[in-house]
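Everything on this sheet refers to the single structure shown next.
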Amino acid sequence: MSTRYDLTRDELAAVLDGEPRYRLDQLWDGLYTQLADPGDITNLPKALRARLDRDLPLALIPVTESVSDRGDTVKFLWELDGGGRVETVLMLYADRATVCVSSQAGCAMGCGFCATGQAGFTRHLTVGEIVEQVVRAAQRARSVGRRVSNIVFMGMGEPMANLDPVWASTERFHGDLGLSARHITISTVGIIPGIRSLADRSLPVNLAVSLHAANDTLRDELVPINKRYPIADLMDACEDYLDAKHRRVSFEWAMIDGVNDRDSDARELATLCRRLSPHAHVNLIPLNPTPGYPTTGTPLRRVEAFRDLLEAHGAN
């Protein structure tokens, strides 16, 4: 049985076979504009609402929902059909509300410092499972008077390894939830064919690269896929993406104490950024500790010094 958000408009039309044609617009608007469950779409007949509730089940089973002390971060843990689990994070800022969405249950990229990478790969998520994460986070945001404005594919999994469902859900976010492409970011650890495919697609979304090292020796160790797609080739792909889409490229950098937070690392990273200047942006992320990786995150004072050094060398 297809779940609620897996279905395209044409597939929903088949579910509504025998109903007046305008029912499709009412249902689609209810799901994507009102963010409503079928049973709450009041311009549909009561019997039809009951049937759609039955025939269009949700895909994500809530396991836990945790809220930060200030209430500005909500983390959802979902169970999938078959038993895998994924997380979605809603982050409420003063000027925006962002959903961090997962694209896979687990991850096959094998980055040793990443808890998801340590857990290994379970399966790809479907379009419906990706879209439903955002809809349900948007419902939660609306309950506190906020509207989701940004989506980042930075949760569990490697988006470029599941690109067709990721892209189909991106088109749904843009065309039906009404988000601008400039407010959607797709991340990758550096899968070059995915970046090049993204450059050929219609929407100018933002690209984020989980870089973490600016020389191949260290990056081979931290991000094993670098052995297949080394930094020089990755930077060529990023440059071509910029030329095609004119959108910012972000470099994600998990700061690991004594590993990639040295002055030499800052100089190497700034050199890469200057090649794409002014369209490259560095996002420094102190590493969260994980049981499978003994090294800890960089202390805040060193993070700030690293940032200052990057800026002194011309990086954003």
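Scanning region 224-261 for residues that are touching a Phe, Trp or Tyr at 6+ places or on another chain (Cβ under 7 Å) and surrounded by fewer than 19 Cβ atoms within 10 Å (Cβ to Cβ) yields nothing.
With the requirement that a residue be crowded, with 21+ Cβ neighbours inside 10 Å and aliphatic (A, V, I, L, M), what does region 142-162 give you? Answer for region 142-162, where residues must be crowded, with 21+ Cβ neighbours inside 10 Å and aliphatic (A, V, I, L, M): V148, I151, M154, M156, M160. Note on region 1-78: enclosed helices (runs of 4 or more DSSP H) holding 2 or more residues that are crowded, with 18+ Cβ neighbours inside 10 Å are 22-32, 46-55.
Determine whether T122 is outside any loop (DSSP other than H, G, I, E, B), β-branched (V, I, T), under 21 Å from R247 (Cβ atoms) and in contact with a strand residue (DSSP E or B) (Cβ under 8 Å, 6 or more places away or on another chain). Spelling it out, it is not the case that T122 is outside any loop (DSSP other than H, G, I, E, B), β-branched (V, I, T), under 21 Å from R247 (Cβ atoms) and in contact with a strand residue (DSSP E or B) (Cβ under 8 Å, 6 or more places away or on another chain).
Applying the criterion of being in a helix (DSSP H, G or I) and in contact (Cβ under 8 Å) with a residue 12 or more places away in the chain to the residues of region 222-231, the residue that is nearest to the chain's Cα centre (by Cα) is I225.
Considering the conditions (1) buried (at least 21 other Cβ atoms within 10 Å of the Cβ); (2) assigned to a loop (DSSP other than H, G, I, E, B); (3) not hydroxyl-bearing (S, T, Y), C273 is excluded by exactly one of them, (2).
Which residue is farthest from C114 (Cα to Cα), if the candidates are limited to region 173-191 and must be part of a helix (DSSP H, G or I) and open to solvent by 20 Å² or more (accessible area, probe 1.4 Å)?
Going through the qualifying residues, I end up with G175.
The values are calculated or read from the model by the stated rules, or taken from the named source; none is laboratory data. What you are looking at is a predicted structure, and each value in this text was computed from that prediction instead of being measured. Here the Cβ is made from the backbone with ideal geometry for all residues, glycine too, and neighbour counts use every protein chain on show. When the accessible area is computed, the model is the full protein with side chains, heavy atoms only, and any ligands, DNA or RNA have been set aside. Shrake-Rupley method; radii C 1.70, N 1.55, O 1.52, S 1.80 Å.
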